[in-house]
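A quick write-up on the structure given underneath.
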Amino acid sequence: MSPPFITFPQLNFMIKKRGVTYQKTKTVVQGLTDFHNDEITNNPNENGAWSMRTMAIAYFSSGTGTFLIGHSNFSGNTFLASKIWRTTNNGQTWARMDELNFRYIQSVNNFGPAGTTAIATGGGGGNQSDIYRSVSSNIGSSWALEYNGSHATIYDNSTGIFGSKMVVGGGYQNGSGGILRWTIDTGANWNAQNPTTSGFTRVVSPTYAGINGGNEQWLALAHTGASYYSIIQSNQTLDATTNATWGNSWTISPNQPFAGVQQRFEWIGGNTVLSFSYSNPIQIRVTSDYYTNVTVGQTLPAGLNNVRKLINFGSGQLWILCSGPVEGSGVIYESTDFGATWNVNNPIQAFPDMATPYNMVLNTVTGSVYVIGNYISTHPTNPKRALLYEIS
């Protein structure tokens, strides 16, 4: 995702953070949990009879603060009732906007240059790799199916955004047919293709990666069978002249310093890309020349195996949201040197009451960061209920 511009509230937030002890203030946005409890009262399927995950969040700097949240609710592949929830007053009150035909709502993001477009991606079952779009001054109020996919999943770590361009990856969990889906007009029109001629089974973690030889560089990770992954790259500008055949421009990168390792890519500006291994412990790598040269960065503490989200505050300051296989293991770490080192001995915040912190987003008006998930299953009063934290 494109690094955000720094606003004055963000700058003030950053100044307040310098030189002080971490563990920032963590506040439950109670309105969301209360709303979910009301939903449970009115709908018995929300009370754990079906599987629930509250995985996606997006922020729109309109009025006093608009958030869209994707809440997944399903029973197998037959009964699907995933929902978009919305607040327009910074989380004080919430309403249900729409139900989408997903097992999982994997992501809600990209409000676009005009600020009136939202995209929701999902999957989790056969023929569910769909993309919905909301275009309205009343953002998120209604949704239309824009891409009807025949594959099983669009992965939650598989959305790269640059301006009005979005690239989404996915494919079957265990099978064939991994493809990239892309749009150059904020989701109005989509193309899809299995990049190169190698027939990847799934394609994950696409990201814009800077300019190479005057052209846009995009990177992604392709699953090529068993547990083997390859870095693939496109060195062609994605625009109106290349849109229909852009997937043809992808090749397997000649540089595979960590061949076979599943990774998440994050562009942090310029030509610099961070990659985070899906392993316990997580290993971090840094490249600024498309993996010709790679710096092996810090290894994170044991017990974590997934970097869920990165926020780029600018000037080298980054936050990553990590989780592990055990409930309550979520944590935010900070780097102030473009990802070379991380504050593992003094984390920004931990989340022992949250089963899995799935996502986080920056409120660009107030400078607060919001983290979405569900309460741990053993919580005495709100097991599995939606949980939203504000970190300030």
Flagged in segment 247-263 as within 23 Å of the chain's Cα centre (by Cα) and farther than 14 Å from LEU221 by Cβ, in numbering order, are GLY247
Out of everything in segment 34-79 that is hydroxyl-bearing (Ser, Thr, Tyr) and within 29 Å of PRO113 (Cα to Cα), what residue ends up being surrounded by the most Cβ atoms within 10 Å (Cβ to Cβ)?
THR54
Could you check segment 82-99 and list, in sequence order, the residues that are without any contact (Cβ under 8 Å) to a residue 40 or more places away in the chain, closer than 22 Å to VAL369 by Cβ and surrounded by fewer than 17 Cβ atoms within 10 Å (Cβ to Cβ)?
ASN89
Please go through segment 278-292 and pick out each residue that is farther than 22 Å from ASN212 by Cβ and either touching a Phe, Trp or Tyr at 6+ places or on another chain (Cβ under 6 Å) or not in a loop (DSSP other than H, G, I, E, B) (or both).
ILE282, GLN283, ILE284
Within segment 342-359, how many residues are without any contact (Cβ under 8 Å) to a residue 40 or more places away in the chain and over 27 Å from HIS379 (Cβ atoms)?
1
Counting just the residues of segment 262-315 that are touching a Pro at 6+ places or on another chain (Cβ under 7 Å) and of a type in the set (S, T, N, Q), which one comes out surrounded by the most Cβ atoms within 10 Å (Cβ to Cβ)?
ASN312
When segment 377-392 is checked residue by residue, the ones that are under 17 Å from GLN317 (Cα atoms) and part of a strand (DSSP E or B) are ILE391
For the condition farther than 24 Å from MET354 by Cα and without any contact (Cβ under 8 Å) to a residue 40 or more places away in the chain, what is the one hit in PHE111, PHE79, PHE102?
PHE79
Report, by residue number, each residue of segment 293-310 that is assigned to a loop (DSSP other than H, G, I, E, B) and at pLDDT 95 or above.
LEU300, PRO301, ALA302, GLY303, LEU304, ASN305
Assuming THR237 fulfils every condition listed in (1) crowded, with 18+ Cβ neighbours inside 10 Å; (2) touching a strand residue (DSSP E or B) at 6+ places or on another chain (Cβ under 6 Å); (3) not in a strand (DSSP E or B) apart from one, which condition is it?
(1)
Contact list, first residue from segment 189-218 and assigned to a strand (DSSP E or B), second anywhere and of a type in the set (Lys, Arg) and surrounded by 21 or more Cβ atoms within 10 Å (Cβ to Cβ), beta-carbon distance below 6 Å, six or more apart or interchain, is ALA192/ARG181; SER205/ARG264
Looking only at segment 279-299, count how many residues are within 14 Å of ARG264 (Cβ to Cβ) and hydrophobic (A, V, I, L, M, F, W, C).
3
Are any of the residues in segment 20-31 modelled with pLDDT of 95 or more and of a type in the set (Lys, Arg)?
yes
May I ask you to list the residues in segment 342-375 that are among the hydrophobic types (A, V, I, L, M, F, W, C), touching a Leu at 6+ places or on another chain (Cβ under 9 Å) and buried (at least 19 other Cβ atoms within 10 Å of the Cβ)?
TRP342, PHE351, MET354, ALA355, MET360, VAL369, VAL371, ILE372
Residue set LEU304, LEU388, LEU300; condition within 18 Å of THR25 (Cα to Cα) and not β-branched (Val, Ile, Thr); output residue LEU388
Go through segment 316-341 and count every residue that is more than 19 Å from LEU388 (Cα to Cα) and either buried (at least 21 other Cβ atoms within 10 Å of the Cβ) or in contact (Cβ under 8 Å) with a residue 60 or more places away in the chain (or both).
6
Among residues belonging to segment 193-209 that are surrounded by fewer than 24 Cβ atoms within 10 Å (Cβ to Cβ), touching a Phe, Trp or Tyr at 6+ places or on another chain (Cβ under 7 Å) and among the hydroxyl-bearing types (Ser, Thr, Tyr), point out the one that is modelled with the highest pLDDT.
TYR208
Against the definition (modelled with pLDDT of 80 or more and aliphatic (A, V, I, L, M)), how does ALA118 come out, yes or no?
yes
Selected residue (criterion: surrounded by the fewest Cβ atoms within 10 Å (Cβ to Cβ)) from residues of segment 171-192 that are at pLDDT 85 or above and on the phi > 0 side of the Ramachandran plot:
THR186
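The values are calculated or read from the model by the stated rules, or taken from the named source; none is laboratory data. Since the model is a prediction, treat every value here as computed from it, not as a measurement. Neighbour counts are summed over all protein chains in view; Cβ atoms, including those assigned to glycine, are modelled from backbone coordinates with ideal geometry.
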